[in-house]
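Since every read-out is calculated from the coordinates, none of them should be taken as a lab result. Not measured: the values here are computed from a predicted model. Positions of Cβ are backbone-derived with ideal geometry, glycine not excepted, and every protein chain shown enters the neighbour counts.
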Amino acid sequence: EEDITNNFRFALVLIGTHDRMSTPEFRGREHLLTMRLSTDLVTGEEFLPFLESAYILANTRNSGGDEPSYDAIISTSENIWELSFRPESNRVIVLLTDEEGQSFYEPAITKEEVTNSTISNNFIVHVFNESRYYLDFDTIVRNPANFHTLESNPDAPSVFTSLRNIFLNICPPAP
């Protein structure tokens, strides 16, 4: 069976606070340190080491961080990362977070701005989060099936099963 991700390209944008943000030289410029492009669009095989590194990094931190999810979504849909999208590609953002929708930009990005940007730039958005934050993302995901509830620290197989279902939904196998 052919891997359903053969025609997919993946990029990883890491979001969250940076340890140095508490120092005075970064006050007022915190948003500059909240997101980082880890890799441009690459094959699934090339992407996995980046994903593994992000997982290891997340599990070695002593504390959590704040995640500017609205900033990450709009930055991706407006392509500030200059990702190498093919013109005919389906553009999908998958956000995994355990926090409410928020922005660190000044002025703060609103849910409506994020929704409008994803629509005008033809992005489909899937969000994995706790159900209590659904209303922070409902208009952004547009389809309630694109909000994936992850309660009480799901295991990796559950997350990957959900991701596989997203891929199958975007690019169903031939009959």
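Tabulated data
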| quantity | calculated |
| --- | --- |
| Extension gain from Ser84 to Leu14, taking 0.36 nm per residue of separation minus the Cα-Cα distance | 23.4 nm |
| Chain lengthening between Glu106 and Thr139 when straightened (0.36 nm per residue, less Cα-Cα) | 9.7 nm |
| Those trypsin sites (Lys or Arg not before Pro) in the range 61-148 that DSSP places in a loop and that have at most 11 other beta carbons within 10 Å | Arg61 |
